[in-house]
Every structure is written in structure tokens, then in C-alpha cells.
């Protein structure tokens, strides 16, 4: 355990005043947003800010009726908030590691629970995984993001990127899958042998198969998702 004087501790942990990109990693688990207008962030992710910033919960009709109904039935409660103003905004999500991706007219699909923040100019939509709604507690939903701008995603511990090629599909556990190339369409498989071995409620009985060409990001941790109905 390291011992610091107060002066040494402040020097080691204080914010870097020289950073000026829109998204900066203040630490591996804390995102700094140098806000001059607005940004979309995961509800409840704000831990601190300086300057003049106001927060608004995502409006019911902010993105149209279609997205409203998708949000209502997604079940995972990954609500968004809009931060508007000028200043420095600090975001975090349960101590998870943060990765910043800079999209250049590219597309990525992110597990709804692992999306921390993104620039407002990026086009996004919610996709419900209807085929697994009855197999997984709460089902599974993802957010597709496309365009130009920064996206911050989170993972438990260090993420691993697996390349998908036409002759080498990648199979993952849905609970450990963080994100993937926007054009990939996962196929859901049920492994009866694993279901029998681990028990009917085990997530290992369901797998995601990615075929084609692209990438998949996984984490060394299996998150358990609960629907709003299962929590009541």
C-alpha cells in the first residue's frame, strides 16, 4: 500500500488540465467529456462536473414513437440522459473499464448495458433480440451506432477483440459480449448438452454465432441481465 502526503496525492490524482479532446480517459475507469454543447450519456453515470451543465432525462418522444416503444420493452433500463452546457463532465459505470471509439462513417453495435456515452450527431437505434427473450432472463437488446463521432463503451476488466472471417466464425456467450461490427448479424444457438450440464437457467446454453467478416468484442465477465418484470 502506498503512502502519500496530501500534496503528493493531489499531484498524482488531479485532473489533467491540458486535455482538450471531446472525450478523454481521465483514468481507465473515468471518462472526461469536454462539453461545449451537449452529449448523450447513460442515466446515472455522472459522478462530477465543473462549469455550467444541465441534465435532462431522455424525452419520451425525443427520438420518435418507434424508439419509445423499443425502450419501453427493452427491459434492461438503459435509459439515456442529455447533458447540455459548457464545462468538464466526468462519467463512470460501476468501475468498469472504458474504451473510446472514434467512428469515421462506421457502424458498431453495442450491448445496451455497455454503452456509456456518445456524441449527439451519431445516428442510433435500438434492436431487440426477440429470439432470446424467452431463453434469457430479460432478453437482450443492443444499440446500433453509425456515423462520425466518439462513442464510449464499458467492459468488466480488459476487453478482447476477436476477428470474424468468412472461414472462421466466432461464437460467444451473450452475457460476455460487449460489441461487434455494425454489419454483422448474430445467430443465436442453443446447446442442449451445455443446457443439460449447467442447468436450465444457465446462460451457457445460449450462444451467439457471428459469421462473415468483422470483429466481436468480449469481456472476461458474464453479466446477468434482469427484466423490469423479473425485478418486481
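Beta carbons closer than 6 Å, at least 6 apart along the sequence or on distinct chains, pair a first residue in the stretch 103-116 that is at positive phi with a second that is surrounded by fewer than 22 Cβ atoms within 10 Å (Cβ to Cβ) for 105/148. Check whether at least one residue in the stretch 189-204 is part of a helix (DSSP H, G or I) and modelled with pLDDT of 90 or more, and report yes or no. Looking for residues that are part of a helix (DSSP H, G or I) and modelled with pLDDT of 90 or more, one finds none in the stretch 189-204, hence no.
The values are calculated or read from the model by the stated rules, or taken from the named source; none is laboratory data. Since this is a predicted model, take the numbers as computed values, not measurements. A quick note on method: Cβ atoms are made from the backbone with ideal geometry, for glycine too, and the neighbour counts reach across all protein chains shown.
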